[in-house]
Structures are given as C-alpha cells and as structure tokens.
C-alpha cells in the first residue's frame, strides 16, 4: 500500500505507516542526541533559539513536520512520483 495523489490517503494502513515513521525518526533523534551528549532540554532550548535564524528555523520546521500526517503524505506522494519517473527512465 502506498500513497497516491488525488486519492484519500488518510486510511488506517497509511496512518500506521506514518506512526512507524514518526517512531523511527524519534529513535534516530534520541540516538543522535545521545551520541553528541545533548539532553532533550538542551535540544529544545536550541530549537527555540533557532527562530532567530532563518536557516536554523528551516531545519527545526522539518523536524516538527514529521508529526504532521498531511506533510508526510505530500512527502510520500513526491517520493512515489520520483520512483515512478526513475523506473520509467530505466525502461526507455
């Protein structure tokens, strides 16, 4: 089951995929913070400070968007289109 443009992708299977994805990202973030010896509190403080720097804020927004199903859906639709284009080019 994958995400397609123009269809209702808000189904239990897609929600399940999104939940797995968010858990994976959360685990990766926890591992990264642990490896670089930064606490969650320090990381959150840095995220709040990032609002004052346009480029830093872009990174924080991307992290926050992980929780947003609609944004996840857009990412997955784009990824599927990219894979379709790549497979079509391989056939030609």
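Within region 81-90, not a single residue is modelled with pLDDT of 85 or more, touching a helix residue (DSSP H, G or I) at 6+ places or on another chain (Cβ under 9 Å) and in a helix (DSSP H, G or I). When residue 43 is tested against the conditions (1) under 23 Å from residue 9 (Cα atoms); (2) free of Cβ contacts under 8 Å to residues at least 40 places away in the same chain, the lone failure is (1). Taking the criterion of being exposed (fewer than 10 other Cβ atoms within 10 Å of the Cβ) and part of a loop (DSSP other than H, G, I, E, B), the residues of region 8-53 that qualify are 8, 36, 37. Of all residue pairs spaced 6 or more apart or on separate chains, those with beta-carbon atoms under 6 Å, a first member in region 1-17 that is touching a residue at least 12 places away in the same chain (Cβ under 8 Å) and a second member that is loosely packed, with under 11 Cβ neighbours inside 10 Å and in a loop (DSSP other than H, G, I, E, B) are 13/1.
The values are calculated or read from the model by the stated rules, or taken from the named source; none is laboratory data. Quick caveat, the model's predicted, so the values are computed rather than measured. Cβ atoms come from the backbone with ideal geometry, glycine included; neighbour counts cover every protein chain shown.
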